[in-house]
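Visitor: Okay, handing you the structure first.
The values are calculated or read from the model by the stated rules, or taken from the named source; none is laboratory data. What you are looking at is a predicted structure, and each value in this text was computed from that prediction instead of being measured. Cβ: placed from backbone, ideal geometry, glycine included. Neighbour counts: every protein chain shown. The accessibility values were calculated without ligands, DNA or RNA, using every heavy atom of the protein model including side chains. Shrake-Rupley method; radii C 1.70, N 1.55, O 1.52, S 1.80 Å.
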Amino acid sequence: MEKFTITQLERISELGGDSSLTEREFTDKTERDLVFRQAEKDLVRACRGRIKELLMDKHMTDSVTVGRTLEKWLIDQDYTKVVTPTIITRDMLAKMTIDEFHHLSEQVFWLDKKRCLRPMLAPNLYVVMRELHRITNEPVKIFEIGSCFRKESQGAQHMNEFTMLNCVELAAVPDGQQVDELKRLARSAMEALGVGEDEYELVVEESTVYGSTVDIEINGLEVASGSYGPHFLDSQWGVFDTWVGIGFGIERLTMALAKSKTIKKFGRSITFIDGQPLHI
Ligand code: ATP
Ligand code: MG
């Protein structure tokens, strides 16, 4: 019995072929190569069709649509979009307790001694929400969507540059109601994205950076992490009220919705567009 070669399997996966094809067995190599060539042809035709549809009809990749759907969902609930720098300082990062002793510190891209590419949106959002609350003395609801950078050992679910959408509300819920509010937000976000109640799970986890967190998982894949305060980091930032926040991984959500196993098809890329390979 013959199975597809590793190179053939890689090509099939790149083209979006599924297990009904990859698990096939053949009597000899000639038959295998014949089936491969025909399957490749069919898959390429399908990919070309989807790229044409994107250019002529959709005009927005699924990742962009996921981000925009969540942005609209937040703005409809009176959240304000903020835009902050991608480059942050060593001091800002240290306030997240990400110093040389923290495991995330290994993942930081340093530009020079004092500056790095942000691995998360939280440091900037801490400052902006604190200042807005100080100025208005009202509850503050803000969000940011943008690139975050982490050195990852390049699994199928991680990229060095990915898009995070982080929403946060400060002084908006009474103490004791943070977890309920987190769950409400998470469910409401899934509804906005059209993810059915039986298609995701809310999982409570312990994290060294955020204390206790509420994760959203789709088929066991973490697509978002929610956390809340009062929190041990708050005093460093001059934050003393309750807060609730969720960070969504936009490409993670997109790959989960597409039931894909590879995230890089949905991230910033010059080899893929909207899940389709350009090498066809
Ligand atoms: P994981 O445990 O999957 O590595 P994390 O818990 O370290 O993720 P968070 O800091 O909670 O990640 O970030 C919020 C969200 O951002 C995650 O739920 C995930 O959807 C997304 N995310 C985090 N790291 C990456 C990455 N390297 N590539 C793509 N998406 C990511
Ligand atoms: Mg997480």
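Visitor: On the given criteria, is Leu111 open to solvent by less than 40 Å² (accessible area, probe 1.4 Å), of a type in the set (A, V, I, L, M) and in contact with a strand residue (DSSP E or B) (Cβ under 8 Å, 6 or more places away or on another chain)?
Guide: no
Visitor: Give the residues of segment 265-280 that are closer than 18 Å to Leu43 by Cβ, in contact with a helix residue (DSSP H, G or I) (Cβ under 6 Å, 6 or more places away or on another chain) and part of a loop (DSSP other than H, G, I, E, B), sorted by residue number.
Guide: Asp274, Gly275, Ile280, listed by residue number.
Visitor: Collect the residues in segment 73-95 that are outside any loop (DSSP other than H, G, I, E, B), touching a residue at least 40 places away in the same chain (Cβ under 8 Å) and either of a type in the set (Val, Ile, Thr) or open to solvent by 30 Å² or more (accessible area, probe 1.4 Å) (or both), keeping them in residue-number order.
Guide: Thr80, Lys81
Visitor: While we're looking at this one, here's another question. Residues of segment 37-65 being open to solvent by 30 Å² or more (accessible area, probe 1.4 Å), hydrophobic (A, V, I, L, M, F, W, C) and farther than 11 Å from Gln276 by Cα, which ones?
Guide: Listed by number, the residues that qualify are Leu55, Met56, Met60, Val64.
Visitor: Test Phe232 against the criterion of being open to solvent by 60 Å² or more (accessible area, probe 1.4 Å) and either of a type in the set (A, V, I, L, M, F, W, C) or over 18 Å from the mean Cα position of the chain (by Cα) (or both), and give yes or no.
Guide: When the stated conditions are applied, Phe232 passes them.
Visitor: While we're here: Can you tell me which residues in segment 266-277 are free of Cβ contacts under 8 Å to residues at least 60 places away in the same chain and of a type outside the set (Ser, Thr, Tyr)?
Guide: Within segment 266-277, Ile270, Phe272 qualify.
Visitor: Within segment 168-220, can you find the residues that are out of contact with any Phe, Trp or Tyr (no Cβ under 8 Å at 6 or more places or on another chain), under 19 Å from Pro139 (Cβ atoms) and either among the polar types (S, T, N, Q) or within 12 Å of ligand 1 (Cβ to nearest atom) (or both)?
Guide: Gln177
Visitor: Could I ask something else about it? Given the condition within 16 Å of ligand 1 (Cβ to nearest atom), open to solvent by less than 20 Å² (accessible area, probe 1.4 Å), within 24 Å of Val64 (Cα to Cα) and touching a Ser or Thr at 6+ places or on another chain (Cβ under 7 Å), answer yes or no: does some residue in segment 259-277 qualify?
Guide: Yes, segment 259-277 has at least one match.
Visitor: Val35 is checked against (1) closer than 26 Å to Ser269 by Cα; (2) at pLDDT 95 or above and fails just one. What number does that condition carry?
Guide: Status for Val35: all satisfied but (1).
Visitor: Would you pick out the residues in segment 8-28 that are closer than 10 Å to Glu40 by Cβ and basic (Lys, Arg)?
Guide: Within segment 8-28, just Arg11 meets the criteria.
Visitor: Return a yes/no flag: does segment 166-179 have any residue that is in contact with a Ser or Thr (Cβ under 7 Å, 6 or more places away or on another chain), open to solvent by less than 50 Å² (accessible area, probe 1.4 Å), β-branched (Val, Ile, Thr) and within 16 Å of ligand 2 (Cβ to nearest atom).
Guide: no
Visitor: Can you tell me how many residues within segment 144-155 are more than 12 Å from the chain's Cα centre (by Cα) and open to solvent by less than 70 Å² (accessible area, probe 1.4 Å)?
Guide: 4
Here is a yes/no grid of residues against (1) open to solvent by less than 40 Å² (accessible area, probe 1.4 Å); (2) in a helix (DSSP H, G or I):
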site: Asn124; (1), (2): yes, yes
site: Ile142; (1), (2): yes, no
site: Arg184; (1), (2): no, yes
site: Asp198; (1), (2): no, yes
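Visitor: Quick one: in segment 232-258, which of the residues that are among the β-branched types (Val, Ile, Thr) and away from ligand 1 (no atom under 16 Å from the Cβ) is nearest to Glu206 (Cα to Cα)?
Guide: Of everything passing the filter in segment 232-258, Thr242 is nearest to Glu206 (Cα to Cα).
Visitor: Okay, next question. For segment 220-265, which positions are among the aromatic types (Phe, Trp, Tyr) and touching a residue at least 40 places away in the same chain (Cβ under 8 Å)?
Guide: Within segment 220-265, Tyr228, Trp237, Trp243, Phe248 meet the criteria.
Visitor: Another one. What about Thr163, is it touching a residue at least 12 places away in the same chain (Cβ under 8 Å) and surrounded by fewer than 20 Cβ atoms within 10 Å (Cβ to Cβ)?
Guide: So Thr163 fails the test.
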